[in-house]
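The values are calculated or read from the model by the stated rules, or taken from the named source; none is laboratory data. None of these values were measured; they are calculated from a predicted model. Note that we place each Cβ from the backbone using ideal geometry, even for glycine, and neighbour counts take in every protein chain shown. Surface areas here come from the heavy atoms of the whole protein model, side chains and all, with no ligands, DNA or RNA. Shrake-Rupley method; radii C 1.70, N 1.55, O 1.52, S 1.80 Å.
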Amino acid sequence: MSSMFATVSRFRTGYSPQEVDAFFAEARAVYESEGPATLTAKDVREVAFTLARGGYAWDAVDSALDRLEAAFVARERAEFVARHGQDAWMARMAELARTLYPRLTRGDGRRFATCRPFRAGYDKHEVDALCRRLIAYFDKGQPLTSGDVRAAVFRKRRGSAAYEEGPVDAFLSRAVEVLLGVE
């Protein structure tokens, strides 16, 4: 049997091939079925795999997950629009976007929890720069895609120069959800 993805060397860690293969097999079965979806775009976005020596290369799996999530969002959108109409979908996306605004309006250096002394997190300046791009997208229609947000990489900083990673990741996950919903 051939592997679904390229593997890393046996001295490095990658995603567990068994878990990845099982997840993608389930996702395919759900996506191709006519019945009610038991797996959603949110499930795809939030899936996590165990690390294993010689496992699948992260970047290849993550790229495939991004494409799979986009396919699930497109399907969910089409089903929602068929039942409720395009205007209702856009109203739903606008409501999701509004949930982002309280953080976006906090201003640079205050959008997320600051790391405790000596703890590592995301560079505040870089996270704030991405937040300003989100503001420009929502307020002025400046170009920004879900891929832009997903591709964002922040340097590690410590203490007061860093935001806690968990809240930033959750916020950006919601931003990706909104962007995918309107792309």
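What does the charge add up to near residue 111, with Lys and Arg as +1, Asp and Glu as -1, over the other residues with Cβ less than 15 Å from its Cβ? All intermediate terms of the calculation are to be shown ahead of the outcome.
Values: positive: 103, 106, 110, 124, 132, 133, 157, 174; negative: 108, 123, 126, 128, 164, 165, 169.
Neighbourhood net charge equals +1.
Quick check: at a probe of 1.4 Å, how many percent of the accessible area of the stretch 117-183 sits on carbon and sulfur atoms? Intermediate results must be reported in sequence, preceding the final value.
On the way: 1900 of 3510 Å².
That share works out to 54 percent.
Below 8 Å, C-alpha to C-alpha, sequence gap of six or more: please give me the relative contact order for the chain in percent.
Numbers: 208 pairs, mean separation 38.9, N = 183.
Computed value for the chain: 21 percent relative contact order.
Where the only charges are on Cβ atoms (+1 Lys, Arg; -1 Asp, Glu), what is the dipole of the chain about its Cα centre, to the nearest 20 debye? Working shown, then result.
Details: 28 positive and 26 negative charges, 202 e Å.
Taking the Cα centre of the chain as origin, the dipole is about 960 debye.
Here the stretch 6-35 and the stretch 39-101 have alpha carbon centers that stand 16 Å from each other.
Close amide H pairs (under 5 Å, H built 1.01 Å from N) link residue 119 with 159, residues at least 5 positions away or on another chain.
3J(HN,Hα) couplings calculated from phi for the stretch 75-85 with the Karplus curve 6.51 cos²θ - 1.76 cosθ + 1.60 (θ = phi - 60°) are, in sequence order, 5, 4, 5, 4, 5, 5, 5, 4, 7, 10, x Hz; Gly and Pro show x.
Taking the average, over residues, of other Cβ atoms within 10 Å as the packing measure, peptides 56-66, 87-97 rank 56-66, 87-97 from highest down.
Listed values for the stretch 135-150 are Karplus-derived 3J(HN,Hα) couplings in whole Hz (6.51 cos²θ - 1.76 cosθ + 1.60, θ = phi - 60°), namely 4, 5, 5, 5, 8, 10, x, 5, x, 6, 10, 4, x, 4, 5, 4, and x replaces Gly and Pro. Rolling a 1.4 Å probe over the protein heavy atoms gives the stretch 78-183 an accessible area of 56 Å² per residue. For residue 108, project a label point 7 Å along Cα to C-beta. Then give me every residue of the stretch 119-134 with its amide nitrogen under 15 Å of that point. Backbone N within reach: 123-134.
When you restrict to C-alpha pairs under 8 Å that are six or more residues apart and normalise by the size of the stretch 1-60, the relative contact order lands at 63 percent.
Given +1 at the Cβ of Lys and Arg, -1 at the Cβ of Asp and Glu and no other charges, the dipole of the stretch 53-142 around its Cα centre is 400 debye to the nearest 20.
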